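None of the figures in this text is laboratory data; all of them are computed from the coordinates on show. In this text the structure is predicted, and so the values were computed from the model without any measurement. FYI the Cβ positions are ideal-geometry reconstructions off the backbone, even for glycines, and counts take in every protein chain you see.
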Amino acid sequence: MGSDAKSTVSLKTVTRVITPTKKQTEEPSLTTNQGTSDNPNIINSTGQFSSVTITPIPKEITKECQPNQDFSQTKTSFKIYVYNLPAKFNTEVQQVISKKYGYCYDLDYCGTGSELFYLEANMGTTNKYVASKDYTQVVRNSQQFALEVLIHFKLLHSPIRTMNPIEADIFYIPAYTGLNCLTFRDNDNEFVNSLFEHLKTNVSGNYFSTKPHVMAVSKIEREQGSEKCSLLRHPNTKGITFIGIEREENQYWSAHYLKFGRVNVLAPYPSYIHYIPNPASGLFQELVNGIEQLNETKFYLDAPSLHKRPVLLFLAAGTRRSNGFRAIFLDQFALKTSKSYEDFAKEHANDTTQFPPQVMLKTQECVEGHTKTTIPWMRHSQFCLQPPGDSPTRKSFFDAILSGCIPILFTGFGKTVYPFEKYLDYSDFTYTVHESLFTKQNKTIIEVVKNIPKKTTQLLHRNVMKVAKWFQYSLPNGSQKIDDDAFTLIFDEIASNLHLPSIRKPRN
């Protein structure tokens, strides 16, 4: 990583390189998609709100997120049966969370949260909505611990789902154990025991079959194996494939507290940004259509180019000093603001060269303001700092990738594993520095960033624009096709681990 970044994006297993064409390294040429809409909140390429009305690509998503299609005749490489568990194990947990902490946990609309605004494609317009013919980008109030809800409802809307357990290659257990811990009802042991008792006695013997079982966990692995949130300590979790947002890499802790269940497949934190693919476009069916090398992708993120990003270094973080290393960087940002990029840009409208080189947006968990301001800031920043907080990983890391902002990571704390390392080489689209530069050599992060060669910055930015679609969870669009997104790669990796056919190879 660092200044030794490669000249291409490496994609392991499937391929090793992504080489943008000349067209892709320039401003992408896009088509307009105008009309009417009941949501006037649209961000244009200058970060300003436009009041123009538009018609986004139609989406099949409601607040309750009820599936409305039958995929029984759709051929896919493997099929997953989703247990129809009693509501107390999932939707009632979601309702309790929404009733008690609705201001913080917006879990409606398939777990993606309420719609906030649309993002304009990378065109030079400032007063009208311009969308790619291939997909629309929408910013939603997605909560970082929404994975259990999101995976559940993505499966219910997915062509890989079967309603017939006899046809299933995999069984999915849609229990919201992580969210249940967040209700603070002190019923965790009872909840988990009751879940496995139900599976053993009420699912027609499927639980005892030789077919693999899969679950998602919303909280990080260490917390889901803790005394008060103990799912992964339960002996019945042994053998289940778990999808999670962070894997515990501390060997001592893992050996003593995670003796049964482990997170096997890592998933991106749910980001604010989601795509609505156009069913008529093939841009989001590249994997299922048999693409052998991901460098053949035609995808290139619709986001501002480098010369339209006046902020060199950006940090979205709270002011809480959760650890000493993070505190070093909090002290290095003289400019800490709660202003939106739009308001800040107005103050510098006459000369964007006077933008301060580094900006920190003050964010506070469960405070509404930054949910609407974080993404526009990131889309106008070149590098996004990702210091560890309470744990090594951050939701902000994935917001940055989906905004086309190059993440800055740190080494020296032990290995941190990220999603899809089987497919992607992170050194091609992130910049990594050693923690000793700051803890021992007293460097400042801005001097490190200013010394990154221009060609390296250009390369990393091109590469992050190429990989973005794999880190978001697309919204249902009424299509029976399998879209390229995080969900698809998650289950392709699960299939590989279970020695099932790849999503790229539909069964006859």
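Protection proxy ranking for 390-400, 276-286, using the average of other Cβ atoms within 10 Å per residue and placing the highest first: 390-400, 276-286. Spin-label model, N187 to L437: label points 7 Å out along the Cα-to-beta-carbon direction sit 5.0 nm apart. Backbone amide hydrogens, once placed in the peptide plane, bring K443 within less than 5 Å of F438, excluding anything fewer than 5 places away on its chain. Can you give me the relative contact order of segment 305-426 as a percent, contacts being Cα pairs under 8 Å and 6 or more apart? Computed value for segment 305-426: 32 percent relative contact order.
So for segment 191-241, if I pair up every lysine 8 or more residues apart or on another chain, how many of those pairs have alpha-carbons under 18 Å apart?
Lysine pairs meeting both conditions in segment 191-241 amount to 4.
Bridging of K336 to lysines at a Cα separation below 23 Å is possible for K308, K346, K362, K372, K395, K443, K450, once same-chain residues fewer than 8 apart are set aside. Sorting 194-206, 428-440, 335-347, 305-317 by average packing, meaning the other beta carbons within 10 Å per residue, from highest down gives 305-317, 428-440, 335-347, 194-206. Please identify which residues in segment 388-423 have an amide N closer than 14 Å to a label point set 7 Å out from the Cα of E249, following the Cα→Cβ vector. Taking a point 7 Å out along Cα→Cβ of E249, the residues of segment 388-423 whose backbone N falls under 14 Å are 388-389, 391-394, 409-422.
Taken over the alpha carbons of segment 213-346 as equal point scatterers, the Debye sum produces base-10 log I(q)/I(0) values at 0.17, 0.18, 0.20 Å⁻¹ of -1.07, -1.08, -1.11.
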